[in-house]
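Chemist: Below is the structure I would like to discuss, written out as structure tokens.
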Amino acid sequence: MLQKYEGIVLYTVKYNDKSDIVHIYTAQGGRMSFLLPVRRSRQSAVRQVLFQPLSILGIEADIRPRSSLHPIKETRASYVFRSLPYHPYKSAIALFVAEFLYRVVREEMPNELLYHYLASSIEWLDVCEKDFANFHLVFLMRLSRFLGLYPNLEDYSPRCYFDLLDACFVSGPPSHGFYVLPEEASRIRTLARMNYDTMYLFRMTRADRNRCLDVICTYYRLHLPDFNELKSLPVLQELF
């Protein structure tokens, strides 16, 4: 049965000589996997060039109830990028965010609030002209709310440690060893205060930014199963 979806491209992998598999987070069906035909002409109803990381697409697919792979019959750009695929720093962020979402967003049920958050964040990054170096940190911090992983930031004091397993501030170092020292724990509260419009006010060095990213990735890895190493992470840390 042919059905229409709007979705965000997360990851594409080669399947065979005729098709690739593209993983897309859709507004109507959560995360879904589609068969993307290869070696098509420019006049084709399915153009591979549209399937860039974080592209927002309208898709018509042949939905097969007993299959987890659905052939794409037609596609179009729901949002036309202005700068994201062409800007070296933005494209590095897009590769990282897309790979991160591919690892952590696995639900196969629609989530309107999550989809709106993802789409609006992508569009914000695309049109932003400057001061977006902290975007990925704010994005991941806020994403944790939608996944039920947002940390408890109450009971903070300057001498507190942050327990990465229990997701809260504590007065002493936990015995399990997964924690952030007091001199760095305050940055977690700082990240929670940021949003896309105000994050430029919070200046960070390259080392600070990379350390925050390491802590956030460790936090997600502790709370989500099968969270593998991110191939795009070293590239992002090198650029920022």
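Chemist: Given the peptides 47-58, 68-79, 227-238, arrange them by the average over their residues of other C-beta atoms within 10 Å, most packed first.
Modeler: With the highest mean Cβ count within 10 Å placed first, the list reads 47-58, 68-79, 227-238.
Chemist: Please calculate how many Å² of accessible area the chain carries per residue, with a 1.4 Å probe and no DNA, RNA or ligand atoms counted.
Modeler: 54 Å²
Chemist: Are there GluC sites (Glu not before Pro) in the stretch 90-159 that DSSP marks as loop and that have at most 16 other Cβ atoms within 10 Å, and which are they?
Modeler: Here the GluC sites (Glu not before Pro) that fit, given the DSSP loop and packing criteria, are Glu107, Glu108, Glu129, Glu154.
Chemist: Convert each backbone phi in the stretch 109-116 into a coupling constant with the Karplus relation 6.51 cos²θ - 1.76 cosθ + 1.60 (shift: θ = phi - 60°), then list the ³J(HN,Hα) values in order as whole Hz, x for Gly and Pro.
Modeler: 10, x, 9, 4, 5, 5, 4, 4
Chemist: Hey, another quick one. Using the C-alpha gyration tensor of the chain, what are the square roots of 5 times its eigenvalues, in whole angstrom, with the largest one first? Before the final figure, lay out each step's value.
Modeler: Numbers: eigenvalues 254, 76, 45 Å².
Each semi-axis is √(5λ); the values are 36, 20, 15 Å.
Chemist: Place +1 on the Cβ of every Lys and Arg and -1 on the Cβ of every Asp and Glu in the stretch 67-186, take the dipole about the Cα centre, and give the residue among Tyr161, Tyr79, Val97 whose Cα lies farthest towards its positive end.
Modeler: With unit charges placed on the Cβ atoms, the residue in question is Tyr79.
Chemist: Say each of Ser175 and Ser157 gets a label point 7 Å from the Cα, pointing the same way as Cα to Cβ; how far apart are those two points in nm?
Modeler: Placing both labels 7 Å beyond Cα along the Cβ direction yields 2.3 nm.
Chemist: Could you work out how far helix 182-193 tilts from the main Cα principal axis of the chain, as a 0 to 90 degree angle to the nearest 10?
Modeler: Once rounded, one gets 50 degrees.
Chemist: Something else about it: So how tilted is helix 206-223 from the main axis of the chain? Cα-based, degrees 0 to 90, rounded to 10.
Modeler: So the helix axis and the longest Cα principal axis differ by about 70 degrees.
Chemist: Please list 17-25, 189-197 highest first by mean number of surrounding beta-carbon atoms within 10 Å per residue.
Modeler: Sorting 17-25, 189-197 by mean packing, highest first, produces 17-25, 189-197.
Chemist: Students often get this wrong: which residues of the stretch 127-155 have the backbone nitrogen under 16 Å from the point 7 angstrom along Cα-to-C-beta of Leu239?
Modeler: Within reach of a label on Leu239: 127-140.
Chemist: Then there is this: List the trypsin sites (Lys or Arg not before Pro) within the stretch 95-169 that fall in a DSSP loop (any state other than H, G, I, E or B) and whose Cβ has at most 15 other Cβ atoms within 10 Å.
Modeler: Taking the stretch 95-169 and a limit of 15 other Cβ atoms within 10 Å, the loop trypsin sites (Lys or Arg not before Pro) found are Arg106, Lys130, Arg159.
Chemist: Moving to a separate point now. Carbon and sulfur atoms: what percent of the 1.4 Å accessible area of the stretch 50-97 do they account for?
Modeler: The nonpolar share, carbon plus sulfur, comes to 51 percent.
Chemist: Let me ask another. If Lys and Arg each add +1 and Asp and Glu each add -1, what is the summed charge of the other residues whose beta carbon sits under 10 Å from the beta carbon of Leu233?
Modeler: After counting each charged neighbour, the total is -3.
Chemist: State the Cα centre-to-centre distance between the stretch 94-164 and the stretch 170-240 in whole Å.
Modeler: Value for the Cα centre distance between the two parts: 12 Å.
Chemist: For the chain, with the dipole built from +1 on Lys and Arg beta-carbon atoms and -1 on Asp and Glu ones, taken about the Cα centre, which of Phe178, Cys217, Val127 lies farthest toward the positive end?
Modeler: Val127
Chemist: How high is the FRET efficiency from Glu60 to Lys14, r the C-beta distance, R0 25 Å, rounded to 0.05? Please list the in-between numbers first.
Modeler: On the way: r = 23 Å, r/R0 = 0.91.
Efficiency, rounded to the nearest 0.05: 0.65.
Chemist: Please report the equivalent ellipsoid semi-axes of the stretch 153-214, computed as sqrt(5 x eigenvalue) of the Cα gyration tensor, largest first, in whole Å.
Modeler: Working: eigenvalues 99, 33, 18 Å².
Whole-Å semi-axes of the equivalent ellipsoid: 22, 13, 10.
Chemist: For every helix of n ≥ 4 consecutive DSSP H residues, a contribution of -39,500 (n - 2.57) applies; sum these over the chain, divide by its total residues, and give [θ] at 222 nm rounded to the nearest 500 deg cm²/dmol.
Modeler: One gets -11000 deg cm²/dmol as the mean residue ellipticity at 222 nm.
Chemist: Moving to a separate point now. Which length gain, in nm to one decimal place, applies between Phe146 and Glu129 when the Cα-Cα distance is subtracted from 0.36 nm times their residue separation?
Modeler: 3.4 nm
Chemist: What's the magnitude of the charge dipole for the stretch 159-217 around its Cα centre, counting Lys and Arg as +1 and Asp and Glu as -1 at the beta-carbon? Answer in Debye, nearest 20.
Modeler: It comes to approximately 240 debye.
Chemist: Next question. Quick one: if the Förster radius is 30 Å, what FRET efficiency do Asp226 and Gln48 give, using the C-beta to C-beta distance and rounding to 0.05?
Modeler: 0.60
Chemist: Still on this model: Pull out a ≥ b ≥ c, the square roots of the eigenvalues of the alpha-carbon gyration tensor of the stretch 62-159, then state rounded if a/c is under 1.5, prolate if not and a/b is larger than b/c, and oblate in the remaining case.
Modeler: oblate
The values are calculated or read from the model by the stated rules, or taken from the named source; none is laboratory data. Predicted model, so just to flag it, every value in this text is computed and none were measured. Because the Cβ atoms are built from the backbone with ideal geometry, glycine has one as well, and the counts that use them run over all protein chains shown. In case anyone asks, the SASA skips ligands and DNA or RNA and just uses the protein heavy atoms, side chains included. Shrake-Rupley method; radii C 1.70, N 1.55, O 1.52, S 1.80 Å.
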